[in-house]
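This report refers to the structure that appears directly beneath it.
The values are calculated or read from the model by the stated rules, or taken from the named source; none is laboratory data. Please read all numbers here as calculations on a predicted model, not as lab measurements. Every residue, glycine among them, receives a Cβ derived from its backbone with ideal geometry; neighbour counts consider all protein chains shown.
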Amino acid sequence: MVTNVSASERTPRIVIALAAGVAGALAPSLLLKGVLTGAAVAMLTTVATGYCPINAALDGGNAETPHWRTLKTHRVEA
């Protein structure tokens, strides 16, 4: 599996997961508790695996480096 969650994205995801978990614990309705807890689990799963299906969908399924970043130019002396 290709990793598409960078190291700089992991800390905010952990913070969001903790906030969702606390909000889920304090939520008044059972439905809201389930949704927030599910979101927290999903965020922690993306941190643990390094793969996010939403990032993959938004990226068009291509998590590799774009070809234009890897092209090398060669200068030819006349």
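Only residues that are surrounded by 12 or more Cβ atoms within 10 Å (Cβ to Cβ), assigned to a helix (DSSP H, G or I) and of a type outside the set (V, I, T): list them for region 4-23, please.
Passing the criteria: E9, R10, R13, A17, L18, A19, A20, G21, A23.
Residue by residue, here is whether (1) over 22 Å from M1 (Cβ atoms); (2) hydroxyl-bearing (S, T, Y); (3) at pLDDT 85 or above holds:
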site: K33; (1), (2), (3): yes, no, yes
site: A42; (1), (2), (3): no, no, yes
site: G50; (1), (2), (3): no, no, yes
site: P53; (1), (2), (3): no, no, yes
site: D59; (1), (2), (3): no, no, no
site: T65; (1), (2), (3): no, yes, no
site: W68; (1), (2), (3): yes, no, no
site: L71; (1), (2), (3): yes, no, no
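Taking region 24-59 as the search range and keeping residues that are assigned to a helix (DSSP H, G or I) and in contact (Cβ under 8 Å) with a residue 40 or more places away in the chain, which one is farthest from S8 (Cα to Cα)?
A56
Under 26 Å from D59 (Cα atoms), in a helix (DSSP H, G or I) and not β-branched (V, I, T): is that true of M1 in this structure?
Taking the combined requirement at face value, the residue does not satisfy it.
Restricting attention to region 15-45, report how many residues are out of contact with any helix residue (DSSP H, G or I) (no Cβ under 6 Å at 6 or more places or on another chain) and either within 23 Å of D59 (Cα to Cα) or of a type in the set (S, T, N, Q) (or both).
Of the residues in that region, 4 qualify.
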